[in-house]
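Peer 1: Here it is, the structure in full.
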């Protein structure tokens, strides 16, 4: 599948991880890698979703109405399970979470929290000096 963008809901074959808490099998995932990566790389960063709902700070509850397209049922976005997948493991695209939506903002915040990037003043967080 060629045209994949950040915020897309895709079905991915995550392989098998028996007797672990790692998400396995074919399941919906949200693409969290940036669009430049998604355009040129053979791998994508995704986070799986689960319909086993838990109140965990790095989970985001997603409803079918949050997704433009087909999203079967209420699910949790699992920011603690960010995974890199080969594009060949993508089975289909189900929809997209709009970039300017509250759902995408909550997903971004959950990823920041999971990676320890802070949720404070966004100006301070992004005020880094990048050398040329």
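Peer 1: Please state which one of 4, 10, 30 is over 19 Å from residue 115 (Cβ atoms), touching a helix residue (DSSP H, G or I) at 6+ places or on another chain (Cβ under 7 Å) and modelled with pLDDT of 95 or more.
Peer 2: After ruling out the rest, the residue left standing is 4.
Peer 1: Given the conditions (1) closer than 15 Å to residue 95 by Cβ; (2) surrounded by 14 or more Cβ atoms within 10 Å (Cβ to Cβ), report the number of the one that residue 61 does not fulfil.
Peer 2: Answer for residue 61: the failing condition is (1).
Peer 1: Working carefully through the options 97, 56, 107, 111, find the one that is touching a strand residue (DSSP E or B) at 6+ places or on another chain (Cβ under 6 Å) and surrounded by 12 or more Cβ atoms within 10 Å (Cβ to Cβ).
Peer 2: From the options 97, 56, 107, 111, the qualifying one is 107.
Peer 1: Separate question: Name the residues in region 64-93 that are assigned to a strand (DSSP E or B) and surrounded by fewer than 17 Cβ atoms within 10 Å (Cβ to Cβ), would you?
Peer 2: 68, 69, 84, 86, 91, 92
Peer 1: Can you pull out the residues in region 79-104 that are free of Cβ contacts under 8 Å to residues at least 60 places away in the same chain and touching a helix residue (DSSP H, G or I) at 6+ places or on another chain (Cβ under 6 Å)?
Peer 2: 79, 80, 103
Peer 1: For residues that are touching a strand residue (DSSP E or B) at 6+ places or on another chain (Cβ under 7 Å) and at negative phi, tally how many sit in region 59-73.
Peer 2: 8
Peer 1: Right, something else. I'm trying to understand the selection: among the residues of region 42-62, which are free of Cβ contacts under 8 Å to residues at least 24 places away in the same chain and in contact with a helix residue (DSSP H, G or I) (Cβ under 9 Å, 6 or more places away or on another chain)?
Peer 2: 61
Peer 1: Can you work out which of the residues in region 23-53 that are surrounded by 13 or more Cβ atoms within 10 Å (Cβ to Cβ) and out of contact with any strand residue (DSSP E or B) (no Cβ under 8 Å at 6 or more places or on another chain) is farthest from residue 74 (Cα to Cα)?
Peer 2: For region 23-53, the residue satisfying everything is 41.
The values are calculated or read from the model by the stated rules, or taken from the named source; none is laboratory data. Bear in mind that the values here come from a model prediction, so they are computed numbers and not experimental data. No Cβ is skipped: glycine too gets one built from the backbone with ideal geometry, and neighbour counts run over all protein chains shown.
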